[in-house]
Every structure is written in structure tokens, then in C-alpha cells.
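**Student:** Can you read through this structure? Questions will come right after.
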Amino acid sequence: MSKANEPLWNSPADWISPGYDDTFAESRGSPTHRPTTEAKVVLLDTDHFSPFSSNALWLWKSFLRGHNPILYDLGILGGGVPPNPSEGNPSFDSLEPARHAMGDTRGFAERISLATMQPDTDVSETRFALADPGNEYLILQPSETGDPFSITLTPGRYAVEWHRLGSRETAPGTTLTAADGNPISVSAPFDAAGSAVVHLRRIAY
């Protein structure tokens with residue numbers, strides 16, 4: 001099986017931008033394949049593996065795997081908002097959620113202690129998280145049904161804030177106490193189901 005991106009991962013390059021190789025749109029360029037490491041800066045450009053589609057969930061998955069997502073915005077090829085935003089392939093409207101997610105992930109990057117956080121696939125059963133264990137966590141529930149999911153935290157008390165991807169609304173959550181190293185079940189507080197992100201910051205030991 002072709003592994004076109006392996007030379008990038010194994011190279012001495014400090015910065016890489018993977019593309020698709022085995023299958024279009026779901027490949028080693030996909031953020032679902034592997035988290036990045038301290039060894040490389042990864043620019044995930046949709047032009048390299050899925051140029052005609054993107055969404056908010058893809059942006060968040062990329063960000064929480066430690067990548068730097070780039071939206072190849074074919075929706076603005078005509079120069080800004082077209083006369084009919086619903087037309088085109090892809091249409092301007094179809095990429096609007098991804099545009100918003102670019103801004104939302106940037107906003108969280110500026111608020112959290114990003115320099116001390118690393119991708120962590122063990123903190124949550126969803127396997128999408130940035131974590132500074134014992135201090136701060138940013139965790140994604142990608143399910144559109146908004147199911148409860150388990151997280152495993154260093155013992156302590158944490159302030160909780162939720163962000164819903166679809167509506168982009170935020171809401172405070174109940175302060176969370178982790179008494180031991182056992183998994184804790186959490187769920188988003190929004191009335192409507194959908195993918196969500198929870199931000200946890202330690203407030204007491």
C-alpha cells in the first residue's frame with residue numbers, strides 16, 4: 001500500500017504539509033490518523049486532501065490533534081461573497097461553518113495555555129484533546145448526537161466551559177471535581193444535540 005506521506009513524517013523537515021495517498025479525503029493527511037509531535041509543525045491544508053469540502057468538525061479535530069489547519073477556500077474564488085452564495089462547487093455557503101471554526105479555534109488558542117498543552121488521545125474516550133495534565137484540558141465530543149462521554153483527569157477541581165460547534169454558543173458548566181484517576185462521564189448542557197468542546201481549567205487542588 002502506498003504511504004506517500006511517510007517520507008514527510010520521517011524527514012528532518014521542521015514543517016510539513018501532508019496530502020492524501022491511500023484514499024481521497026481520509027488518509028494520512030487526515031487529522032484522524034495521527035497526532036502531531038513536538039518534532040514537527042504540521043500544516044494541514046484542505047487543498048492537499050479534500051479541496052472541495054470542509055466543515056467545523058474537521059477544523060476542531062485538526063486543532064486538537066496539534067495540527068495547524070488551513071482552509072483552501074474555493075468558495076471565494078470570485079472575490080468575496082458571490083451574488084448567490086448557495087451556488088458553486090463548492091458553494092460559498094457550504095464553507096461558512098469551516099470559516100467560523102477557523103476563528104473559533106484561533107480564539108481558544110489565544111485563551112488557553114497553548115504552549116504547555118499537547119495532543120492527548122488518552123484523556124477522553126473521544127480521543128481528541130489538548131491537555132496540560134492537572135492544569136488545563138480542551139476536549140472534543142465529535143458526535144452529532146451529543147452523547148455523554150468519559151474523561152480521565154488528574155485529581156482536583158476544574159472550572160468548566162462548553163462550546164457548541166454548530167451554533168457557536170458557549171455556556172458555563174458545573175464545576176467538576178475529580179477525586180481520583182477514574183473516568184468521569186460528562187455531557188454538553190445545550191438543548192440541541194451536536195458536536196461540542198469542553199474547556200477545563202484547574203481552580204483548586
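**Student:** Please find, within region 85-102, the residue that is nearest to ARG168 (Cα to Cα) out of those that are part of a loop (DSSP other than H, G, I, E, B) and not small (Gly, Ala, Ser). Even if it seems obvious, please write down each step before you answer.
**Tutor:** Here is the first cut: in region 85-102, the ones part of a loop (DSSP other than H, G, I, E, B) are 85-87, 89-90, 92.
This time we only want the ones that are not small (Gly, Ala, Ser), so: 85, 87, 89-90, 92.
Details: PRO85: 21, GLU87: 24, ASN89: 25, PRO90: 22, PHE92: 19 Å.
Ranking the candidates gives PHE92 first.
Matching residues to (1) over 16 Å from the mean Cα position of the chain (by Cα); (2) without any contact (Cβ under 8 Å) to a residue 60 or more places away in the chain; (3) within 14 Å of VAL123 (Cβ to Cβ); (4) surrounded by fewer than 19 Cβ atoms within 10 Å (Cβ to Cβ):
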residue: GLN141; (1), (2), (3), (4): no, yes, yes, no
residue: THR145; (1), (2), (3), (4): yes, yes, no, yes
residue: SER150; (1), (2), (3), (4): yes, yes, yes, yes
residue: TYR158; (1), (2), (3), (4): yes, yes, yes, no
residue: ARG164; (1), (2), (3), (4): no, yes, no, no
residue: PRO172; (1), (2), (3), (4): yes, yes, no, yes
residue: ALA179; (1), (2), (3), (4): yes, yes, no, yes
residue: SER195; (1), (2), (3), (4): no, no, no, no
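**Student:** Have a look at ALA109, ALA101 and point out the one that is modelled with pLDDT of 95 or more, in contact with a Pro (Cβ under 9 Å, 6 or more places away or on another chain) and under 30 Å from ALA178 (Cβ atoms).
**Tutor:** Details: ALA109 fails: in contact with a Pro (Cβ under 9 Å, 6 or more places away or on another chain).
ALA101 is the lone residue from the list that is modelled with pLDDT of 95 or more, in contact with a Pro (Cβ under 9 Å, 6 or more places away or on another chain) and under 30 Å from ALA178 (Cβ atoms).
**Student:** Are any of the residues in region 170-190 in contact with a helix residue (DSSP H, G or I) (Cβ under 7 Å, 6 or more places away or on another chain) and not β-branched (Val, Ile, Thr)? Working first, answer last.
**Tutor:** Step one: of region 170-190, the residues in contact with a helix residue (DSSP H, G or I) (Cβ under 7 Å, 6 or more places away or on another chain) are none.
Within region 170-190, not a single residue is in contact with a helix residue (DSSP H, G or I) (Cβ under 7 Å, 6 or more places away or on another chain) and not β-branched (Val, Ile, Thr).
**Student:** Still on this structure, please answer the following. Of the residues ALA159, ALA131, which is in a strand (DSSP E or B), over 26 Å from SER54 (Cβ atoms) and modelled with pLDDT of 95 or more? Let's see the steps before the verdict.
**Tutor:** Values: ALA131 fails: over 26 Å from SER54 (Cβ atoms).
Exactly one residue qualifies, and that residue is ALA159.
**Student:** Considering only region 63-104, how many residues are over 18 Å from SER53 (Cβ atoms) and polar (S, T, N, Q)?
**Tutor:** Total meeting the criteria: 2.
**Student:** From the list PRO82, PRO189, pick out the single residue that is touching a strand residue (DSSP E or B) at 6+ places or on another chain (Cβ under 6 Å) and either in a loop (DSSP other than H, G, I, E, B) or within 30 Å of LYS40 (Cα to Cα) (or both). So that I can check it myself, show each step before the final result.
**Tutor:** Values: PRO82 fails: touching a strand residue (DSSP E or B) at 6+ places or on another chain (Cβ under 6 Å).
Going through PRO82, PRO189 in turn, the sole match is PRO189.
The values are calculated or read from the model by the stated rules, or taken from the named source; none is laboratory data. For clarity, every value in this text was computed on a predicted model and none was experimentally measured. Virtual Cβ from ideal backbone geometry, glycine too; neighbours counted across all protein chains shown.
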